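A.B. asks: The structure under discussion is supplied below as structure tokens; questions concerning it will follow.
Just so it is clear, none of the values below were taken in a lab; they were calculated from the coordinates. Since this is a predicted model, take the numbers as computed values, not measurements. Cβ placement follows ideal geometry from the backbone for every residue including glycine, while neighbour counts extend to all protein chains displayed.
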Amino acid sequence: MKKTREQLKDKKRIVVKIGSSSLQHPETGEFDYIKLEVLVRELCNLRNQGKDVVLVTSGAIAAGKKAVNIQPGDNEIAVKQACAAIGQARLMMTYQKIFAEYNQVTAQILMTKNTIVDNLNRFNAHNTFAELLKLGVIPIVNENDTVATYEIVIGDNDTLSAIVTALIDADLLILLSDIDGLYTDDPRKNKNAEFISTVERIDDDLMSMGKATTGSNVGTGGMNTKLIAAKIATSAGADMIIANGKDVRILHRIMDGREYGTIFKSHKDENFYLEDFVANMNQ
Ligand code: GLU
């Protein structure tokens with residue numbers, strides 16, 4: 001039997017999530033074009049290997065704030081939603097320009113909680129993804145922050161990317177974050193914290209290890225949201241990896257079977273229903 005990391009080479013349908021903090025220069029909040037370019041090249045290279053690829057990307061709100069000179073800390077809901085509308089278009093424009101260099105067609109899919117909870121919406125979203133992937137397109141997904149009110153918000157793209165993984169029956173989710181993976185404690189605060197390379201099964205002890213914050217002031221996902229994402233992805237039958245997105249070339253290194261990040265091994269749960277899980281989130 002092939003080893004866990006070796007098996008990654010055989011994955012067919014891969015969702016990659018990148019967070020705002022990995023896309024911007026920390027000093028200015030402007031896009032880091034080099035990182036974006038490397039990310040796009042990595043994703044196109046996965047497509048060239050015949051794999052289905054989906055990108056879940058944050059950065060809409062941050063890009064919108066930048067465009068109209070709103071302070072990053074201004075989180076008034078109407079301001080944020082307006083900035084999401086401005087920034088999402090900018091984000092897509094930037095991605096499409098770079099993907100076009102590789103002749104790769106992309107599509108935009110914006111989702112809310114209702115996309116999953118409502119049976120007809122979920123059915124349509126599932127079919128749209130299936131059709132796009134059949135056409136060789138890379139769907140680029142974000143939350144529809146402009147219309148997502150309190151009741152229908154998913155809230156963070158870690159969870160959103162796991163929901164997408166479950167919806168499209170992907171076999172691998174890679175979360176690119178600003179940390180190397182899972183530790184027994186917060187390594188920024190506890191120097192004895194140990195790195196965990198493989199998680200065979202997610203239990204209650206592990207869930208309690210998640211901390212609600214990250215070091216960055218952009219993006220919304222902490223370790224807690226990553227563990228919830230792991231729960232969704234692994235229950236739906238996918239492996240999930242958390243890895244550091246500071247060098248995006250880590251993507252092909254992971255796919256080569258090298259030991260980067262933390263891998264959560266899939267444990268398909270026949271009693272896991274995505275729509276029920278999402279309906280009960282944040283309650
Ligand atoms: N959807 C938000 C955005 O694009 C980000 C959510 C997150 O960072 O997890 O700005």
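A.B. asks: Region 87-127 to region 48-75: how many Å between their Cα centroids?
C.D. replies: Using only Cα atoms to place each centre, the spacing works out to 12 Å.
A.B. asks: How high is the FRET efficiency between ASN121 and ASN190 when r is their beta carbon distance and R₀ equals 41 Å, given to the nearest 0.05?
C.D. replies: It comes to 0.40.
A.B. asks: If I stretch the segment between GLU30 and ASN282 completely, what's the gain in nm (0.36 nm per residue apart, minus their alpha carbon distance), one decimal? Each step should come with its number before you reach the end.
C.D. replies: On the way: separation 252, 0.36 × 252 = 90.72 nm, distance 3.16 nm.
Extra length available between GLU30 and ASN282 comes to 87.6 nm.
A.B. asks: In whole Hz, what ³J(HN,Hα) sequence does region 264-273 give by Karplus (6.51, -1.76, 1.60; θ = phi - 60°), x for Gly and Pro?
C.D. replies: Per-residue couplings from phi come out as 9, 7, 5, 9, 4, 10, 5, 9, 8, 10 Hz.
A.B. asks: What are the ³J(HN,Hα) couplings of region 172-185, residue after residue, when phi is run through the Karplus curve with 6.51, -1.76, 1.60 and θ = phi - 60°? Round to Hz, x for glycine and proline.
C.D. replies: Karplus values, whole Hz, x for Gly and Pro: 8, 10, 10, 9, 8, 10, 9, 10, 6, x, 8, 10, 5, 7.
A.B. asks: Still on this structure: What are the trypsin sites (Lys or Arg not before Pro) within region 1-104 that DSSP puts in a loop, where the Cβ has at most 13 other Cβ atoms within 10 Å?
C.D. replies: Here the trypsin sites (Lys or Arg not before Pro) that fit, given the DSSP loop and packing criteria, are LYS2, LYS3, LYS12.
A.B. asks: Also, quick follow-up: Using only alpha-carbon positions, what ratio does the radius of gyration of the chain give when scaled by 2.2 N^0.38 Å?
C.D. replies: Here the answer is 0.94, to two decimals.
A.B. asks: Can you list residues from other chains, or at least 5 along the same chain, whose modelled amide H is less than 5 Å from the amide H of ILE109?
C.D. replies: Hits under the 5 Å cutoff: ILE140, VAL141, ASN142.
A.B. asks: Tell me which lysines have Cα within less than 27 Å of LYS11's Cα, excluding those fewer than 8 residues away on the same chain?
C.D. replies: LYS2, LYS3, LYS35, LYS51, LYS134, LYS226, LYS231, LYS246, LYS265, LYS268
A.B. asks: According to a simple spin-label model (label point 7 Å from Cα along Cα-to-Cβ), what is the distance in nm between ASP169 and GLN108?
C.D. replies: Simple spin-label model gives 3.0 nm for this pair.
A.B. asks: A further question follows. Treat each spin label as a single point 7 Å out from the Cα along the C-beta direction, and report the LYS3 to HIS267 distance in nm.
C.D. replies: Inter-label distance under the simple model: 2.3 nm.
A.B. asks: Please go through region 75-150 and write out the GluC sites (Glu not before Pro) that DSSP classes as loop and that have at most 14 other C-beta atoms within 10 Å.
C.D. replies: Filter output for region 75-150: GLU76.
A.B. asks: By DSSP, what percent of the beta bridges with both residues in the chain are antiparallel, rounded to the nearest 5? Don't skip to the answer; put the middle values down first.
C.D. replies: On the way: 6 of 33 bridges.
Roughly 20 percent of the beta bridges in the chain run antiparallel, per DSSP.
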